[in-house]
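First the structure, in the form of structure tokens, and then the observations on it.
Values in this text are rule-based calculations from the coordinates and carry no lab data. It should be emphasised that the depicted structure is a prediction, and the values quoted were computed from it without experimental measurement. Because the Cβ atoms are built from the backbone with ideal geometry, glycine has one as well, and the counts that use them run over all protein chains shown.
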Amino acid sequence: MQAKVMEITNNTLSELKGINDSQALEQLRVRVLGKKGELTSILRGMGQVAPEMRPMVGQWVNEARATIENAIAEAQSAIQKKEKEKRLEKEAIDVTLPVNERSAGSLHPMTMVLEELLDIFTGMGFEAVEGPEVEYDHYNFELMNIPKNHPARDAQDTFYVDDNIVLRTHTSPVQARIMTTRKPPIRIVSFGRVYRADEADATHSPVFHQLEGLVIDENISMGDLKGTLDTFARRLYGDGVTTRFRPSFFPFTEPSAEVDLTCAACRGKGCRICKDTGWIEVLGSGMVNPKVLEMCGIDSKKYSGFAFGMGVERLCNLKYNVPDMRYLYENDIRFLKHFRG
Ligand code: PHE
């Protein structure tokens, strides 16, 4: 009996030496010390042992169990240590590896210019307003003194939704909406998308953005218009940029003027961009036609006003030297990256 216990002990101890993972160790423990294990079965067989021998056998088994348990515990902590080392090695971070770059987005150049324009005009006391892009003919044309069959309708190739509804061809209908609902003094800029049935090319797009200003008060003159636009030109393109007025025609203003700005690229010296003139045409303007004031319910004897309108894409491309309007819509990342702050 003693020999049997010794044998189990020795076999277990020598088997332990060859074990180096915790799963195999646990299997060995169950096989030897478990309820149906080799050592335990000796205690079970105690019935066959002579009564006076039983305490002895019990002691052998207990001693053997203690020895084996100790050895297993030792082996276990050695294995755990090794396994932990292996895990740490596998999880080690190589700080010399190149990082995955996270590219941050940026504002679109149109957004930047639009925000700058709104900043400039609200800084001068204008209130920024918006209106619907699907608009009644009444606001888009009639109140702007462009009745049906007026030739000016041809100049703005219009997308008609039905006889009375259009995609707005300019942001002027927002001004009509304000004039018909408010009393002077009025000082607003309206901005947003407008639509014209144009082929897309370097300077045209069927959808583009306008920003228009309107001031109505007593004693408003062309001088106020000039002063406002000079300030705007300087703030957007820097000192030395000024305006030049050329007589023109719009049904909703009288008199009307096309306004050029000093070419920001050559500061008026003449270059490829301004076709050697030193000037760039950027906006339309004029004194609000008294007929428009009256149609909108404003007393044209008491009040006068000026209005101006500009294409935002053009201002944007001049500011950032972008040669083609289509770049603004294609959203090619390689193009947009140039504007990252
Ligand atoms: N609404 C005009 C256009 O789109 C621009 C403009 C506005 C001209 C105000 C004069 C005064 O062509």
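Tabulated values for the structure
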quantity	calculated
Condition check for Thr180: farther than 27 Å from Ala264 by Cβ, part of a helix (DSSP H, G or I) and away from the ligand (no atom under 15 Å from the Cβ)	yes
Residues that are without any contact (Cβ under 8 Å) to a residue 60 or more places away in the chain and crowded, with 17+ Cβ neighbours inside 10 Å, drawn from the range 9-24	Thr9, Thr12, Leu16
Count of residues meeting criterion [charged (D, E, K, R), touching a Ser or Thr at 6+ places or on another chain (Cβ under 6 Å) and within 27 Å of Glu142 (Cβ to Cβ)] in the range 225-268	1
Some residue of the range 197-218 being more than 16 Å from the ligand (Cβ to nearest atom), out of contact with any Asp or Glu (no Cβ under 7 Å at 6 or more places or on another chain) and assigned to a strand (DSSP E or B)	yes
Tabulated pairs, the range 151-176, first free of Cβ contacts under 8 Å to residues at least 60 places away in the same chain, second within 11 Å of the ligand (Cβ to nearest atom) and not in a loop (DSSP other than H, G, I, E, B), C-beta under 7 angstrom, 6+ apart or interchain	Val166/Asn140; Arg168/Asn140; Arg168/Val194; Thr169/Asn140; Thr169/Val194; Pro173/Asn140; Val174/Ser190
